[in-house]
Amino acid sequence: MEAADRGDRRRGFNWLATGPATAFLAGCLAASVQHINAQSAGSAATGQQQQSQTQPSQNNDIPDAPSTVQPPSATPEPPLPAKPEEKKPETVERNPWTNQPVNKPGAPDSGSAATDGTAPPMPPVKTVPPGSSSKQRQAQDQLYTLVVHTNFVQVPVTVKDRDGRMVDGLLSTDFSVMENGTKQKLSFFSADPFALSVAIVLDLGMPDTAVQKVNQTFPALVGAFAPYDEVALYTYSSTVSEVSDFAGATQKLTALLNQMKTVRGSNNGPPVLSGPLAPNGPIVNGVPVGSPTEPVYTPPKEAHVLNDAILRAALDLSKRERTRRKIIFVISDGREYGSKASYNDVKRVLLSNEIQVKAVAVENAALPLYGKLERLHLPHEGYGNLLPKYASATGGAPVYTELSHNAIEGVYFQAMSDARNQYTLGYTPARPKTPTTAAYRNIEVLVDRPGLKIYAKDGYYPAPAAR
């Protein structure tokens, strides 16, 4: 039995070793190997495709798995499109001054070609000379435009009752302003106080007794000003001197006025020309000692340049701010003699710059009858008292006439308070019914209330017309 089994196995091996069986087994093994290679190649291709979608391709020298080299594609890739040629900008010739393109003759304008193919004419180009700009040229062209010039007239007004007290509470409807007989329409009205620019003009040509009386009142003079006021100090006799420029009423002004207390006025009485006290020395038998002949002495001519002093202060005040009220405060006896400037010339400067003159008349000008005596003007003897004329013309009236020390101190505060708390009227002059070429315009201020005294300037000089 065992021998039979061993025989069957031997016959089976022999059959496998024969040619047909060997060929059959070789074919099955080759088919299995090809199937395994195809599966591994497909999976490798799928992995490479996914890696190329997620990560950029990397150049690795060692492949992950063996693969066959694929032949190049039969269809070549299309070539890249050619880049359009960049057009270079055309060189345009421009004017070196205006930076505008120059249209040469025969060259058509591409931007404004006509329908018939012909180029329209170029507009005229304005050029400017070398070294200037087009903006300057335009500014010069505007010099010939029409300019309308108008004068705005400002009129400070002081209103007092019969007892000399200030009247408050008036409205704009209570005032009327007439210019050369034509009623004006008010466009500005204010009852608010103004800051002051004050030029104090002190007369040192008065007798020494009057000068010393005034010197003792300087502390009260400083106390009459507010902290926001500005004050300058001038003195005059035969000449005008500026003691201090405009500054606040501080300790500096007090120190300057204290120094003025040592200044002396003129000697009282006529000058001594002969006798033992004469300046020529001792005389024996009518002949001066040491001289064979008697010398002749001529007294110096006395000068009181009031006009020049007011003019000097007015020119300096004209440079101050217009927001301040400009006042010239004169402390003098009012005499005028020897000035280079006339009253009319000084008056024109005052009214053209809206400056008021307020004054304290002392010594002879404070006498009750002196105003009538000064009208008797003698040739070559000057004027007795010009202060009322200045104050009336500029609206600074009344002139305060005081003789005593205490009265002068009280006047300082009253004068500055009146100047600071005036009513202010303003208007633009209306066209007069009758045209006039006169340089001076008369002003009359009326108040619709009885029994009141009104102090305002008599007129003004309008500003020159614009050219």
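Read the figures in this text as sums done on the coordinates, not as results from a lab. In this text, all values refer to a predicted model and were calculated from it rather than measured experimentally. Every residue, glycine as well, gets a Cβ built from its backbone with ideal geometry; the counts of neighbours run over all protein chains shown.
Points to keep in mind about this one:
- Of the chymotrypsin sites (Phe, Trp or Tyr not before Pro) found in the range 196-256, those that fall in a DSSP loop while having at most 13 other beta-carbon atoms within 10 Å are Tyr228.
- Whole-Hz couplings from phi, Karplus 6.51/-1.76/1.60, listed for the range 331-337; x for Gly and Pro: 10, 7, 8, x, 6, 9, 6
- Cβ-Cβ FRET estimate between Ser342 and Gln154, R0 fixed at 35 Å, reported to 0.05: 0.85
- Tensor-based shape of the range 319-361 (alpha-carbon gyration tensor, a/c under 1.5 rounded, otherwise prolate or oblate): oblate
- Projecting label points 7 angstrom from Cα along Cα→Cβ for Thr434 and Thr209 puts them 5.3 nm apart.
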